[in-house]
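Here is the structure we will look at, set down as C-alpha cells.
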Amino acid sequence: MGSIIIALPKLSDGKHIRELLARHGLETARVCTTASQVLAEVHQLDSGVVITGCRLPDMYYRQLAEYLPDYFELLLLATPANLAGKPVGMMGLAMPLKAIELAGTVEMMLIQLSRRIKKEKSGPKKRTKAEQELITGAKLLLMERNHLTEEEAFRYLQKTSMDSGTNLVETAEMVLLMMKE
C-alpha cells in the first residue's frame, strides 16, 4: 500500500493527525510544513496520499495538487465553504473532522490508488489467437450478411457485449452460432 504524507503549516497539527492515523493502523511516512518538503518527499516514495489544508506557507493546495506525480492523491482538509470550491475529483473532508472518517477516507484512497496503479501496470488483457479468430469471424459474418463496415461490425459486437453483460469473445461466439443457423 502507499505512503501517507501530512502537510500542514503547524507541525503540532500534523503530528496530531499522524497520531490519529496511527491509532487506526495507518503509518505516516512524513509530516511536512511546506509544499517544497512534500514535493521532495513524494519523489522518494512509490505512491500515496498527501493530506493538506488549503494553504501552506509556500503554496496553495491547488498548486500542490498540480505538482504531485500521478501516483499520489491529495486529500484536502478544509471548512465546508472552502471544500465547495475544490476541483472535481479531489477528495476532501470538512473540518472539524472525526478520526474514524479521516482514517477511513485515507485507507479507501490508498486502496483505490493501489488498484489503479496495478491496473495501469498490467495493461489491457491479451487475447489468445483463437479468441481473436472468433471475433474476426463474427465481424466478417456481420460485414457480409448485414453490409456493415469492419468498424460498424466491431461496434455492434461491443454494444451487444455490454448490453448482454458478456465479454466480447462470448458475444462473438453467440453471433457465429445464431447466424450460421
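The figures follow:
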read-out: Kirkwood Rh, Cα atoms: Rg over Rh of segment 129-180; value: 0.92
read-out: Residues whose placed amide H lies under 5 Å from that of residue 73, excluding near-sequence neighbours; value: 48, 49, 50
read-out: Percent of beta bridges antiparallel (DSSP, the chain, rounded to nearest 5); value: 10 percent
read-out: Entries in 139/159; 159/180; 10/98; 98/118; 126/159 that, when Cα-Cα distance is taken, lie over 23 Å; value: 98/118
read-out: Equivalent ellipsoid, segment 3-122 (semi-axes from 5 times Cα gyration tensor eigenvalues, Å); value: 19, 16, 15
read-out: Computed [θ] at 222 nm, helices only, for the chain once each DSSP H run of length n ≥ 4 contributes -39500 (n - 2.57); value: -18000 deg cm²/dmol
read-out: Length released on extending from residue 119 to residue 12, taking residue separation times 0.36 nm less the Cα-Cα span; value: 34.8 nm
read-out: Distant-in-sequence amide H partners of residue 58 (H built 1.01 Å from N, under 5 Å); value: 35
read-out: Nearby aspartates and glutamates by direct alpha-carbon distance to residue 86 (threshold 20 angstrom, same-chain neighbours under 8 apart not counted); value: 58, 66, 70, 73, 101
read-out: Set of aspartates and glutamates near residue 15 by C-alpha distance (under 16 Å), chain-local residues within fewer than 8 positions excluded; value: 27
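Each reported figure results from applying straightforward, stated rules to the coordinates on display, with no laboratory input. Worth saying up front: this structure is predicted, and the values here are computed from it rather than measured.
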